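Note sheet for the following structure.
The values are calculated or read from the model by the stated rules, or taken from the named source; none is laboratory data. Because the structure is predicted, anything quoted here is derived from the model rather than measured. Cβ atoms come from the backbone with ideal geometry, glycine included; neighbour counts cover every protein chain shown.
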Amino acid sequence: MEKFVYIALFAPFVSSIFAALFGMSPKKTFVGVIASLLLATSFLASALLAMFVYQTGGTIHVTMMDWIGAGDLSIPFGFVVDQISVTMMTVVTLVSTVVHIYSIGYMDHDKSFNRFFSYLSAFVFSMMVLVMSDNFAGLFIGWEGVGVCSWLLIGFWYHKEDVSPEENPSISPSWAANEAFIVNRIADLAMLVGIFVLYWNTGSLQYDVVFANLPYLNQTVLTTAAIALFIGAMGKSAQFPLHTWLTDAMEGPTPVSALIHAATMVTAGVFLVIRANPLYSMPEVGEVSYFIAALGTFVAFFAASMALVNRDLKRIIAYSTLSQLGYMFAAAGLGAYWIALFHLAAHAFFKALLFLGAGNVMHAMDDELDIFKMGGLKKSMRWTYIYMGVASLALAGIPPLAGFFSKDAIIETAFNEGTIVLWAILVVTAGMTAFYSFRQVFLTFEGDERYKEFGIHPHEMYKYVLVAMSPLALLAVIAGFFQGGFQTFITSGDVMPNYAMSEHTHHLVWILGSIVLAFAVGGVLLARYKYASGLKREMKCENSFIYQLLKNQYYVPQFYAEFISKPYAMISEKMWKTVDMKIIDITVDGIAKFIYSSGDDTRKMQTGNLSNYLNWMSFGLVALLIVAAISSVIG
Amino acid sequence: MIELNDYLILSGLLFTIGLVGVLRRKNLLMLFFATEVMLNAANIAFAATSHYYNDLSGQMFAFFIIAVAASEVAVGLGLLIVLYKRHGTLDLDNLASMKG
Amino acid sequence: MDNILSVLVFFPAVAGLLGFVVDKNSIRVYGISVATVEMLLAVWLWMSFDGTNAGMQFVESIPLVPDFGISYYLGVDGISIFIVIMAALMTLLGMIGMSVEKDIKNMIISLLFLEMTMIGVFVSLDAIIFYLFWELSLVPMLYIIGAWGGPLRIYASIKFFLYTFTGSLIMLVGMLFMAHLYHGVSDGIWSFSITDWYMMVLPVNYQIWLFLAFFIGFAIKVPMFPFHTWLPYAHGQAPTIGSVILAAVLLKMGTYGFVRFSLPLFPDASVMMIEPIMVISIIMIIYAAMVAYAQEDIKQVIAYSSVSHMGVIVLGTFAMNAEAISGSIFLMLSHGIVSGALFMLVGVIYDRRHTKLMSEFGGLASVMPKYAVIFGIMLMASVGLPLTIGFVGEFLVLLGFYKVSAIGAILAGSTIVLGAVYMLTLYKRTFFGPVTNDENKKLFDLNGREMVSLVPLVIIVIWLGVYPKPILTPIDNSVKAMLSFMEDKARTPEAKERIIVSSITKEAK
């Protein structure tokens, strides 16, 4: 089985290197095809491993070679395939394979076609390292790897010019790429701190050693580690207040958005919390876990509220990702790790589908993203409509689609844990989710054909692309049915604790489900009532304070620009021009000038007159004699 | 009886005269003479102490100084002549080519 | 070859002297051949080096002034050998990539002479010989900056020379006093040998004063805040090759000095100085990163980034555990490779446009893709991306320093954020966006000569990022031995407690 581990891991790497060889040459379709095939190979290997783990219940642990060894620290390149990682591997490679195939069609006209595949595969490779690693340092390799790949991919169209934030909130692809990288780095610092804490207290970075030592650690250490690792997770998973990069990351080509939001990158934070579940389950860190749940719930609501008013097709989906990540953190924080992972997987399928559908729309609409300029696209893009409709139904949590099962389980968990406030917010958010998803679907596909006045002639995507998307659609529909099986599988090993609802909740399950469903259906119906027939703009509502607040993302980006970026630039400038050039350098030069000028002044003694010199000499002689006399008297 | 002290006082007086000459005179030739006076003051002190301690090295040193002084005068006067030929004066206030 | 070290030291100098009779047109080839032979010798040294032996190897000792215990005493251990190899490598690659045409003969000869002094510093085990090479290294550098530099070259070179020279004079006083103390404790035998000095246990108050004397010399060379202002001028005015050697090797002399002299000679004083040095280093890291962000000149960004990274190195040196000190030495190597490469890259664009201002560029990624790729890799190494050379050292230093002070490590760790801020801003302003300046539209990509000088560095950056073991293990062995020795020698209980001997070493005992 070991060889499958290596195949699963390195097939994307080979694909990336292969595509990179053609990175500077013009478009070659076979590069995309081979990359997709290699990704499919990786998926097959992952699936085989999943079968193996499922059937035998065993885990595979391989150590490839040593990486860093210094002092008592020893970090190997080690990989582990257990229930958690194999689930992630399968989801990641499946979504990635579809995205690769999709990109062959989507990037058809791009002159950097080959380069794109190189980055895309590298992205998947980083994510595979992240999920498969058997130690925190290896995780960090993947962690930073996805960071840099996202930087490359978000800034893929680097040649675009910077514009003002009013024109485009993300300014330019290269700006958004830098923002994503830097914000992630802030979180990475915290993550490193978590790693350091664990190393100095357990003497190792291997998961098994660290987790085995947890019971012997004191509360401060555990809390510090838990908080630090979670801040790391917040950055990757774009939790408030580090969330702004995620929507700006929409500047990247759409397949990238699908990849970032569904399979790689943003799920990494959730994965970390799930992977470190022994730490977060410690009773000493109960407050941290509760904070995770509370923050997750807050972000779920916060992001959903911003999605309500946004006009940008991709940004709406991005907010929905943010919101769903909040759900996952809520579940993980409440201890229902397997439910979080289940929602992660289900979400990956329908979110990828949603983004790829959005990509089809963009392709058809000449890269137009404003849903107010669309409408009535169902005629020309029937399949895309179906796909996006299915995905949105799944996202909204309409049974029997995947989202219903996974999201309902999370909401139930909140109830089961007795956190009624969280439960209520999550329920309301479910309704909002349904509303904004269908607002988007209806504005895009139903109603009057507003695009006509812009002279756009939409057309359906290539057939093979649509076919490639079908597995995702299928999974978005059926994934929910595997909930029970998934629970048995994932909790069969010792890496994931089981979580079951109490008797009490069990009795209420129908009522709870109905409440959630009522909100979801209500949201869909409201969206249908308002938008299905066409766009009616209500200027009074749009000018209201709340609408503007939501539209401007609660002014968080402005706040960051005004209170962090600008002061930082200003202080830096001051540091250079005032402190460095004026204070420090002038002091140094001042000392040099003082020595020089004192020499210059004393030079006047050098009159050239021998008589003067002799006077000075005898003065000095007398002075020395006096000193000698005094010192001999004293001493 | 003339004591050692008397010789030393004489030597000190001569030395002071020479020193004042060195400090006050402006003519290089006069400076030379003043230096000779100072050297001879030292010679007197050497010879006197040598006699007092019955140690000949002091007198040897005096001879040595006389020899050095003689050669110094030979070289120095030669230089003075060259200097006079070039500048037409031996007044120190007018010879300041080493001014920094 | 018993006296391989002498050959390594003097071969470039002798070849440099012979260079005076070489024809002007073939001097470049001559210089590159000499540097290649030197590099091969250095590799040979590495191959025959025993990585498991923590002590000094290839030792040579010839008494020079026996009355004063001055001898020609050379040797390498895991700490110094790789810096020697890096010095040879950077000289070779710098020479290949060099585009200087003016007085090329003098340049090559200066470089070869500089190579002698650099290697000499790192292999000397006698304080006087060390000092000799240390000061001699200033002369060719002064000449390189003063003769081939930019408009302010005279000011910059004199500032560089006098500043570092002042510092090293204070260090010299410290050395003389050390020898005097040794003379006192060893029945009137003089010795300037560092290994002899190691054996001497000094009273704590002497240690502090001596530590400070050495510290000034090293701190100015590093350069540590607030002694760093010579560096931006030197880099700003120096020709590309000068900056490459300066950043890659000359700065490392200071941090190497800390490891070779300060730590083992004055363990108690070093422990007492941890906090002040931590404060200075953190100021240095954050302050230089902010100043780097404000720069308009690409080269100045990299110059200030050097200051920032050197702060991390100094911090690691004083963490007193094997993780951080090994990391710090590894970071010296990685910083040498990466900053050297970055300066070469700036040189490439300067050769084409004769300007280094970011505002003059923009969109270079479209015109010079290969250049952008290599610059991007070096940028990522500079910000410490895992699997590049920059990560290993930075990670180990921060990890090790966390043991000393959590807050200190977090503040110092801001380098990974702030480093990304200024480097990515630099990259965005230079390489991204549309090509706005017409002069940039016809720029040609890297030529063969430049590729030859840069590609090996790219390979090293990735190789040592993925598999640092061949280098890290010998370093680590020597560092562990040094720490165990320091702990034995330390007198104050505080030092005994804070010097952490790794458990592997303890078991071996």
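Table for the structure above
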item	result
Set A:173, A:165: member being surrounded by fewer than 22 Cβ atoms within 10 Å (Cβ to Cβ) and within 23 Å of the chain's Cα centre (by Cα)	A:165
Any hit, segment A:153-173, residues being farther than 29 Å from residue C:441 by Cα and in a loop (DSSP other than H, G, I, E, B)	yes
Residue match in segment A:277-291 (condition: touching a His at 6+ places or on another chain (Cβ under 8 Å) and touching a residue at least 60 places away in the same chain (Cβ under 8 Å))	no
Residues of segment A:574-608 satisfying the condition of being away from chain B (no Cβ under 14 Å), over 46 Å from the mean Cα position of the chain (by Cα) and among the β-branched types (Val, Ile, Thr)	A:587, A:588, A:591, A:595
Filtered residue count, segment A:2-13, keeping only those that are touching a residue at least 60 places away in the same chain (Cβ under 8 Å) and in contact with a helix residue (DSSP H, G or I) (Cβ under 9 Å, 6 or more places away or on another chain)	6
Of the criteria (1) surrounded by fewer than 22 Cβ atoms within 10 Å (Cβ to Cβ); (2) within 26 Å of residue A:579 (Cα to Cα); (3) more than 14 Å from chain A (Cβ to nearest Cβ); (4) touching a residue at least 60 places away in the same chain (Cβ under 8 Å), which one residue C:264 fails	(2)
The lone exception for residue A:54 - which of (1) buried (at least 20 other Cβ atoms within 10 Å of the Cβ); (2) more than 23 Å from the chain's Cα centre (by Cα); (3) farther than 22 Å from residue A:258 by Cα; (4) touching a residue at least 60 places away in the same chain (Cβ under 8 Å) it fails	(1)
Qualifying residue in segment A:619-626 (condition: surrounded by 12 or more Cβ atoms within 10 Å (Cβ to Cβ), in a helix (DSSP H, G or I) and either in contact (Cβ under 8 Å) with a residue 40 or more places away in the chain or not small (Gly, Ala, Ser) (or both))	no
Evaluation of residue A:58 against (1) farther than 29 Å from residue A:474 by Cβ; (2) away from chain C (no Cβ under 14 Å); (3) not in a loop (DSSP other than H, G, I, E, B) (one fails), failing number	(3)
Sole exception among (1) crowded, with 18+ Cβ neighbours inside 10 Å; (2) at pLDDT below 85; (3) out of contact with any Ser or Thr (no Cβ under 8 Å at 6 or more places or on another chain) for residue A:447, by number	(3)
Wholly within segment A:481-561, helices (runs of 4 or more DSSP H) carrying at least 3 residues that are under 30 Å from residue A:444 (Cβ atoms)	A:503-531, A:539-543, A:545-551, A:556-560
Residue check, residue C:289 touching a residue at least 24 places away in the same chain (Cβ under 8 Å), within 13 Å of chain A (Cβ to nearest Cβ), over 17 Å from residue C:425 (Cβ atoms) and touching a Ser or Thr at 6+ places or on another chain (Cβ under 9 Å)	no
Residues (touching a residue at least 24 places away in the same chain (Cβ under 8 Å) and surrounded by fewer than 24 Cβ atoms within 10 Å (Cβ to Cβ)) located in segment A:33-42	A:33, A:40, A:41
Residues (closer than 23 Å to residue A:78 by Cα and either surrounded by fewer than 17 Cβ atoms within 10 Å (Cβ to Cβ) or out of contact with any Ser or Thr (no Cβ under 9 Å at 6 or more places or on another chain) (or both)) located in segment A:11-23	A:17
Single match in A:398, A:456 (criterion: among the β-branched types (Val, Ile, Thr) and over 22 Å from residue A:528 (Cβ atoms))	A:456
Tally, over segment C:414-447, of residues that are in contact (Cβ under 8 Å) with a residue 24 or more places away in the chain and not in a loop (DSSP other than H, G, I, E, B)	19
Within segment C:375-387, considering residues that are under 18 Å from the mean Cα position of the chain (by Cα) and within 10 Å of chain A (Cβ to nearest Cβ), the one farthest from residue A:129 (Cα to Cα)	C:383
Hits in segment B:59-99 - residues which are loosely packed, with under 11 Cβ neighbours inside 10 Å, within 14 Å of chain A (Cβ to nearest Cβ) and of a type in the set (Gly, Ala, Ser)	B:97
Selection count, segment A:205-220, where residues are within 12 Å of chain C (Cβ to nearest Cβ) and touching a residue at least 24 places away in the same chain (Cβ under 8 Å)	1
Where residue C:447 falls short, out of the listed (1) polar (S, T, N, Q); (2) out of contact with any Leu (no Cβ under 8 Å at 6 or more places or on another chain); (3) within 11 Å of another protein chain (Cβ to nearest Cβ)	(3)
Single residue of segment C:402-413 satisfying the filter (in a helix (DSSP H, G or I) and more than 7 Å from chain A (Cβ to nearest Cβ)) that is farthest from residue A:144 (Cα to Cα)	C:404
When residues of segment C:479-502 are limited to those that are under 12 Å from residue C:323 (Cα atoms) and either part of a helix (DSSP H, G or I) or among the hydroxyl-bearing types (Ser, Thr, Tyr) (or both), the one nearest to the other protein chains (Cβ to nearest Cβ)	C:502
Filter result for residue A:26 (within 14 Å of chain C (Cβ to nearest Cβ) and surrounded by fewer than 18 Cβ atoms within 10 Å (Cβ to Cβ))	yes
Filtered residues of segment C:362-387 (kept if closer than 15 Å to residue C:340 by Cα and assigned to a loop (DSSP other than H, G, I, E, B))	C:383
The lone exception for residue C:51 - which of (1) modelled with pLDDT under 90; (2) over 24 Å from the mean Cα position of the chain (by Cα) it fails	(2)
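Residues checked against (1) among the small types (Gly, Ala, Ser); (2) under 24 Å from the mean Cα position of the chain (by Cα); (3) surrounded by 23 or more Cβ atoms within 10 Å (Cβ to Cβ):
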site	(1), (2), (3)
A:348	yes, yes, yes
A:355	no, yes, yes
A:362	no, yes, no
A:373	no, no, no
A:384	no, no, yes
A:387	no, no, yes
A:403	yes, yes, yes
A:414	yes, no, yes
A:429	no, yes, yes
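Residue by residue, here is whether (1) buried (at least 18 other Cβ atoms within 10 Å of the Cβ); (2) of a type in the set (Gly, Ala, Ser) holds:
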site: C:427; (1), (2): yes, no
site: C:431; (1), (2): yes, no
site: C:437; (1), (2): no, no
site: C:446; (1), (2): yes, no
site: C:455; (1), (2): no, no
site: C:461; (1), (2): yes, no
site: C:467; (1), (2): no, no
site: C:477; (1), (2): yes, no
site: C:481; (1), (2): yes, yes
